[in-house]
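Chemist: Dropping a structure here in structure tokens format, bear with me for questions.
What follows draws every value from the coordinates through simple rules; no lab data is involved. Bear in mind the structure is a predicted one, so any value in this text is a computation, not a measurement. Quick reminder, even Gly has a Cβ in these numbers, built from the backbone with ideal geometry, and neighbours come from all protein chains shown.
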Amino acid sequence: MYVDGFVLVVPKKNILAYRKMAQQGGRLWKKHGALQYFECVGDDLNPDMGGMKGRPFPELTKTKKGETVVFSFIVFKSRAHRDRVNARVMKDPGMSPEVWKDKPMPFDMKRVSYGGFKAIVEMR
């Protein structure tokens, strides 16, 4: 398995707009072959970790008042599969600059983290 993962900051007032955009994205990625598509909004962002040290997402992302963290991931068979699917998505008419030119993003693109991850443990 291979996963593309995203962490981004979304103003809470924009969650519904983000959700609508994410649903469109999910349909697009699934149409072109993604196995699964998830968009997850922060719910317990400062959990008690039983004394373990770590950086909570709000600290890591420098979340401000009125903002929340979204964690998203798309599942693929392999990196090669991901590359093929993403190439098809980028060529899809729904991703054309004309479609998006007058639509404001419901989040700050400068505060998005993204990467591809190879699964090293998989349990179902």
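Chemist: Using the Cα gyration tensor of region 74-124, with a ≥ b ≥ c the square roots of its eigenvalues, what is the shape: rounded (a/c below 1.5), prolate (a/b larger than b/c) or oblate (neither)? Numbers along the way, then the final one.
Modeler: Values: a/c = 3.25, a/b = 1.65, b/c = 1.97.
Oblate.
Chemist: Among the listed pairs Lys30/Lys91; Lys64/Lys103; Lys53/Lys110; Lys62/Lys101, which are separated by more than 19 Å between their Cα atoms?
Modeler: Values: Lys30/Lys91 14 Å; Lys64/Lys103 24 Å; Lys53/Lys110 27 Å; Lys62/Lys101 28 Å.
Lys64/Lys103; Lys53/Lys110; Lys62/Lys101, as the Cα separations exceed 19 Å there.
Chemist: Testing the spin-label approximation: label points 7 Å from Cα along Cα→Cβ at Arg124 and Gln24. State their distance in nm.
Modeler: 3.2
Chemist: On to the next question. Given charges of +1 on the Cβ of Lys and Arg and -1 on the Cβ of Asp and Glu, with all other atoms neutral, how large is the dipole of the chain about its Cα centre, in debye to the nearest 20?
Modeler: 300
Chemist: Mind jotting down the three principal axis lengths of region 1-61 based on Cα atoms? Whole angstrom, largest first.
Modeler: 43, 34, 15
Chemist: Compute the orientation-averaged projected area for the chain from the convex hull of its Cα atoms and round it to one decimal in nm².
Modeler: Computed as one quarter of the Cα hull surface, the answer is 9.1 nm².
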